[in-house]
1. Could you list, in sequence order, all residues of region 259-278 that are assigned to a strand (DSSP E or B) and either of a type outside the set (A, V, I, L, M) or touching a residue at least 24 places away in the same chain (Cβ under 8 Å) (or both)?
2. Would you call Gly242 outside the structural domain of Glu90 (by TED's automatic domain parsing) and outside any loop (DSSP other than H, G, I, E, B)?
3. So if I check each of Cys278, Cys249, which one is farther than 23 Å from Tyr202 by Cα and surrounded by 20 or more Cβ atoms within 10 Å (Cβ to Cβ)?
4. Looking only at residues in region 207-258 that are touching a residue at least 40 places away in the same chain (Cβ under 8 Å) and of a type in the set (Val, Ile, Thr), which one is nearest to Asp95 (Cα to Cα)?
5. Counting only residues that are modelled with pLDDT of 75 or more, give me the strands (runs of 3 or more DSSP E) lying completely in region 14-115 with at least 3 of them.
6. Determine the pairs where a residue that is farther than 16 Å from Gly253 by Cβ, located within region 83-99, has a partner that is aliphatic (A, V, I, L, M) and part of a loop (DSSP other than H, G, I, E, B) with Cβ atoms under 9 Å apart, the partner being 6 or more residues away or on another chain.
Amino acid sequence: MTLSATPWLSWWLIWYIVILPPVHSKKVTLKVSEAGELFGSSHKLKDTTFNGENWNLIPAPMKFQTCGSEEKADYWMITKYFNLNTILAEVIHVDVEVEFKLCSNGSKSGDVPCYANYFEVYYYRGSKDDKRHLLKEGTTLDDIFEIYSPLYNITNTTVVKREPIRSNQTFFFPRNNSQGVAFAIRSRGACGSIYRMKMYYYYCEKVFMNGIKFEKTASPATGSNKGVKGHCTGNTIPPNNGTSLNGNCTYNGTWNIHDNVTCTCDKNYALDQGIGICLRKLC
């Protein structure tokens, strides 16, 4: 077993030690999609003007690209549907590799007027059988907003960027027991490209420690912990001092368990520190 202080503890709290079980962070990758296999269709909204560039697949380097900088331009790219039905996850993380530049505000000669500056991600959580998430040509904003909800603004800035900025960005969303997810990428006023997208989640694996068993647990949202009640294993006695057999599953798939959380081994049994359970003593 490894002794480790949690990183946010101040020096005056160093005495408060947390024992971490000998397990590493558990991260499960659901899907890594390059641009060519990620997206299903692109859409021009009904009753809008389109003098910009709709979403197009660029072969070298492989990416989907758009430049919706004209007035009322509103370009949407709908991804394929990703099945989440069989996974143990409460929170799904998404890494997306993007490149974008924002339209100008007309302050320089030859600048295109800036009507909007959005490069956004929306998402649909639900059944694959509900075909409305696929959308169709002639779709209106009301149609989209009935199915898709705002999730993340990739640009996340109002500062004009005339040169492309390439970066990896991460966001997350609660699964909420949904069967699957599809994303809609929206461009208004931003020239952008998407190279790849990766979805993954964390969980804390089943672990035995100090004669206690903690079950496999889905990790909570970033920055938070989930309290989990443990149970004494065989050949042990529960604590009689009122100590709760609780541990914390962290957002990144590791356990935080206090060193005073323990079940006492029965007579003629001793705790095996390596595997966390009580074994019969050798004669």
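1. Thr264, Cys265, Tyr269, Leu271, Asp272, Ile277, Cys278
2. The answer is no for Gly242.
3. Sole residue among the options that is farther than 23 Å from Tyr202 by Cα and surrounded by 20 or more Cβ atoms within 10 Å (Cβ to Cβ): Cys278.
4. Thr222
5. Result: 26-34, 53-59, 62-67, 75-79, 91-102.
6. Sorted first by the residue in region 83-99, then by its partner, the pairs are Val96/Ile154; Val98/Ile154.
The values are calculated or read from the model by the stated rules, or taken from the named source; none is laboratory data. Keep in mind the model is a prediction, meaning the values are calculated, not measured. With ideal geometry, Cβ positions are generated from the backbone for all residues, glycine too; neighbour counts draw on all protein chains shown.
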